[in-house]
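One structure is given below, encoded as structure tokens.
Please treat every number below as a calculation from the coordinates, not as lab data. Predicted, not measured: the structure shown is a model, and the values here were computed from it. A quick note on method: Cβ atoms are made from the backbone with ideal geometry, for glycine too, and the neighbour counts reach across all protein chains shown.
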Amino acid sequence: MNFFSFEEKLIPLDEWVQTFVDWLVYNYRDVFQTIKAPIEVCLKSFEWLFNAMPPLVMIILLAIAAWRYAGKKTAIFTVVSFLLIGYLGLWDETMTTLAMVISSVFFCALVGIPLGIMAGRSERFELFLRPALDAMQTIPPFVYLVPVVMLFSIGTVSGILATIVFALPPIVRLTNLGIRQVHPELIEAALAFGATSGQVLRRVQFPLALPSIMAGLNQTLMMALSMVVIAALIGAGGLGNPVVQGLNTLEIGLASIGGLAIVLLAMVLDRITQGFGKK
Amino acid sequence: MADNIKIKVENLYKIFGPHPKKALKLLSDGIDKETIFDKTKTTVGVQNASFEIHTGEIFVIMGLSGSGKSTIVRMINRLIKPTSGKVLIDGKDVVQMDEDELVKIRRKKMGMVFQSFALMPHMTVLQNAAFGLELDGIDVKTREARALKALEQVGLETWANSKPNELSGGMQQRVGLARGLAVDPDILLMDEAFSALDPLIRTEMQDELLKLQEKEKRTIVFISHDLDEAMRIGDRIAIMEGGRVVQIGTPEDILQNPANDYVRAFFRGVDPTNILSAGDIAVKTQVTVINHPGKGARAALQRLAGYDRDYGYVLDNNRRYLGVVSTDSLRALIDKKGDTKDITKAFLSMVTARNSSDSMQEILPDITEVPCPLPIVDDEGVYIGVISRNLFLETLHRSEINTDEHEMVQ
């Protein structure tokens, strides 16, 4: 056999993966279904809250947040954008997407900030985490969309899970960076005055890394928004729906207004969260 | 003396790099630093340092950059863990302490001041000053009161609510100092604390440190690369070269008997008149006259004539200096046929004794003005000796020879 003609497949990795996922689905589907529970609760609460709230109240709250963190201009922009979204008839979809995005970002922060802190304080952990993050950022979402559906079934929660995979890396990376950027002399000073490792983290590293962590949160949010359409493919609902539906039936108009609403939502959320880091 | 020792460092080694044990063995085989680095890629930071620091003294560790002085100070509070050796603080070995003990001793006994100030940019000046107390879990009210007191000591109480970046370099380092003082430590470690400040502010801070030290005697370990600074504030100085302590002594000791060329090189360009004090060079070569009732001018004159001297130094029973008489002034007193018992009338009015701690520079005008060797007394007024013009010039000359020799060696 010629080892360098590459005519035959010598490593059947695809079959192995196939077998592994099948085995996982067959034996552990129940486990994965339980993992869904907290995400479902979080999502449902946000969804219920945003939909139960009168649109006017929602707009006012967002405008106040924008005014506080990003200034008057952004506040006006927010009001205009959300009025436009409402008049386009996409209010309910927007609220669903907002709930999804906020849930995704919440879980990304919950997992990503601790991971970033650990990576920032341990060379070995960073070494191990880095290729994982690279993979998460570069694997096309379509590759893991199918196994996610197989394990978690179709629906918004699966959409959120896929979003978390896609949107997690920036907050981990920027938390890691923020922790590493803290001047070593400051840590030395804290240690010299008898700080424990936990105190160094709480009183020095974390507060000083906060602007960087906030930048990571902002990036994660943007990534989560960019997953909205892809998540709609596995039945996540929200603003991705009109886009997917429009593409399927060649209704360019429907796809366009869906896209426009996503962009407006992204711009508003971006401006507001950018303000977090600065305050 | 033993209970007077606050910090005792014994055979301390620090080796940075992948093979500390191997390097340690090579060192004990007498192989030098450079060869060890070539062989093992391992750097010898500090080798075989031993010294004792007494309670309440300012101990300056001086050396060029890379001489291991910053490493040594960090081994005292174990920010850097020694490769081998002992660091005893009040008799307890810091090297052997577990994490809890270490945290405790750092909180209770030691403060540290850094070259780059190392203030927390996200905290106010007051919070910074209270930082050590906060870590120790002391409640907000108590710690802020104590921090404020520390800020008062350095004159920054009005800036309590500012952020460090609103302050100038000198002020920031005052905050750094206040942070160290607030925990009321026995030991203050100062790592090139004033090196980043401009010369004028630096001198001001040194004076301030000395003033604080007068009020509350702390044991201060001060790292410096600046000889003038070391001379000004150090009670004793350790000089380091290439990770080794090459000489330990008072500033005067080291100036007068430098251990090797490296030490001598430090002192080149240093004006000895600033460092040597009058007490260091005064000698007891002159005739003294004890002034007691019954022995008057005639007796004194006789004593001077007996030694063939022109001047006599009059002391009381406790050897306290009273004045100088000359053969001329004694004769004048006798010729006046007055009360020759009272020798004080023969005192030379232009001569006043100088204190032994005055520097050579300070006594220079007196040396040139007075006709006789200048009398030197200690703080209680006890006669220590005299400095003649000859002696003064000889001292100058000697230190010049020292540096000349060194130049010839180079």
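Mean projection of the Cα convex hull over all viewing directions, computed for region B:117-273: 10.3 nm². Residues within the reach of a label modelled at residue B:10 (point 7 angstrom out along Cα to beta-carbon, backbone nitrogen below 16 Å), restricted to region B:87-111, are B:87-97. Spin-label model, residue B:100 to residue B:379: label points 7 Å out along the Cα-to-beta-carbon direction sit 4.4 nm apart.
Distant-in-sequence amide contacts of residue B:113, defined by a placed amide H-H separation under 5 Å and a gap of 5 or more residues or a different chain, comprise B:189, B:190, B:191. Treating r as the C-beta distance of residue B:86 and residue B:166 and R0 as 35 Å, the FRET efficiency rounds to 0.20.
Close amide H contacts of residue B:288 (hydrogens built in the peptide plane, cut-off under 5 Å, sequence separation of 5 or more or a different chain): B:313.
Compute the convex hull volume of the Cα atoms of region A:10-110, divide it by the residue count, and report the result per residue in Å³ as a whole number.
Working: hull volume 18.2 nm³, N = 101.
So the per-residue hull volume is 180 Å³.
Between residue A:3 and residue A:76, full extension at 0.36 nm per residue minus the direct alpha carbon distance yields a gain of 19.6 nm.
Take the Cα gyration tensor of region B:124-199, multiply each eigenvalue by 5, square-root it, and list the three semi-axes largest first, rounded to whole angstrom.
Details: eigenvalues 79, 45, 18 Å².
Taking √(5λ) for each Cα gyration eigenvalue gives 20, 15, 9 Å.
Given B:217/B:284; B:141/B:215; B:104/B:141, which pairs have Cα atoms separated by over 27 Å? Table pairs above 27 Å Cα-Cα are B:217/B:284.
Max-minus-min Cα coordinates of region B:3-131 on each principal axis give 51, 39, 29 Å, with the largest extent listed first.
Compute the projected area of the convex hull of the Cα atoms of the protein assembly as shown, averaged over all viewing directions, and report it in nm² to one decimal place.
49.7 nm²
Here, region B:4-67 has an Rg and a Dmax of 14.3, 43 Å when only alpha carbons are counted. With one equal scatterer per alpha carbon and no solvent term, the Debye-computed log10 I(q)/I(0) for chain B at 0.07, 0.09, 0.11, 0.14 1/Å reads -0.47, -0.71, -0.92, -1.19.
Each residue, residue B:93 and residue B:290, gets one label point 7 Å from its Cα in the Cβ direction; the gap between the two is 5.5 nm.
How charged is the neighbourhood of residue A:205? Take every other residue with its Cβ under 15 Å from the Cβ of residue A:205, and add Lys/Arg as +1 and Asp/Glu as -1. Don't jump to the answer; show the numbers that get you there.
On the way: positive: A:121, A:180, A:202, A:203; negative: A:126, A:185, A:188.
Spelling it out: positives minus negatives among the neighbours equals +1.
Per-residue Karplus couplings for region A:119-135, computed as 6.51 cos²θ - 1.76 cosθ + 1.60 with θ equal to phi - 60°, are listed in order as 5, x, 9, 9, 4, 5, 5, 5, 4, 7, 7, 4, x, 4, 5, 4, 4 Hz, Gly and Pro entered as x. Comparing A:43, A:229, B:189 along the charge dipole axis of the protein assembly as shown, the residue lying farthest to the positive side is A:43, per the Cβ-charge model. Put a dot 7 Å past the Cα of residue B:51, heading toward its Cβ, do the same for residue B:318, and the two dots end up 3.7 nm apart. Just to check, using Stokes-Einstein with a Kirkwood Rh over alpha carbon pairs, what's the diffusion coefficient of region A:191-279 at 20 °C and 1.002 mPa s in µm²/s? The estimated diffusion coefficient comes to 138 µm²/s. Here is the size of region A:83-240 from its Cα atoms: Rg then Dmax, 18.4, 61 Å. A straight chain from residue A:83 to residue A:122 at 0.36 nm per residue would run longer than the Cα-Cα distance by 9.3 nm. For region B:307-363, the Cα-based Rg and Dmax, in that order, read 13.4, 42 Å.
Taking R0 as 41 Å, what's the FRET efficiency between residue B:344 and residue B:210 from their Cβ-Cβ distance, rounded to 0.05? Intermediate values should be presented prior to the final figure.
Values: r = 38 Å, r/R0 = 0.92.
Computed FRET efficiency for residue B:344 and residue B:210 comes out at 0.65.
For residue B:247, the residues whose amide H sits under 5 Å from its own are B:239, ignoring neighbours fewer than 5 places away on the same chain, with H placed 1.01 Å from N.
If you average 1/r over all unlike Cα pairs in chain A and invert the result, what Kirkwood radius do you get in angstrom? Before the final figure, lay out the partial values.
Numbers: mean 1/r = 0.0479 Å⁻¹.
Averaging 1/r across every pair of different Cα atoms and inverting gives 20.9 Å.
Here residue A:183 and residue B:261 are evaluated by their C-beta separation; at R0 = 35 Å the FRET efficiency comes out at 0.40. Taken one residue at a time, the phi angles of region A:101-117 give Karplus couplings (6.51, -1.76, 1.60, θ = phi - 60°) of 5, 5, 4, 4, 5, 4, 6, 4, 5, 4, 8, x, 5, x, 4, x, 5 Hz. Gly and Pro are set to x. Residue by residue, region A:205-212 carries 3J(HN,Hα) couplings of 5, 5, x, 6, 8, 4, x, 5 Hz when phi is fed to the Karplus relation 6.51 cos²θ - 1.76 cosθ + 1.60 (θ = phi - 60°); x denotes Gly or Pro.
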